[in-house]
Amino acid sequence: MYSNPHPRLLHESSGALFSCRYLGDPSITIIPTSAIMQIVSMNPHDVDGEQRFFMFEQPENDVTNLGGFLVDEDDMQDAEDDEEVGGESQE
């Protein structure tokens, strides 16, 4: 979907800025979900007047962490308290 990173920008950023060109819809490839190892976003930015996209990778955004979410017990109690008004449950 995207080109290789711009070599000068990649070098000048010490390997931190992956600035790529969008190659268009014909480059879309279907892969099995089991092959997905990381989720990133490609955000638009201009380089020398050229529309490019840079990769943003959020630390610890590994797909192995997508199995659910954590709920703080205090938050659950607050939610239950919000549902009760005057000793009765709201419906």
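A short reminder: the numbers here are calculations on the coordinates, not readings from a lab. A quick note: this is a predicted structure, and the numbers were derived from the prediction, not measured. So basically every Cβ, Gly included, is an ideal-geometry build from the backbone, and we count neighbours across all protein chains shown.
Some notes on this structure:
- Residue in the range 23-46 that is among the aliphatic types (A, V, I, L, M), without any contact (Cβ under 8 Å) to a residue 12 or more places away in the chain, outside any loop (DSSP other than H, G, I, E, B) and exposed (fewer than 10 other Cβ atoms within 10 Å of the Cβ) present: yes
- Of the residues making up the range 1-15, those that are loosely packed, with under 10 Cβ neighbours inside 10 Å and either touching a Lys or Arg at 6+ places or on another chain (Cβ under 7 Å) or assigned to a loop (DSSP other than H, G, I, E, B) (or both) are Asn4, Ser14, Gly15.
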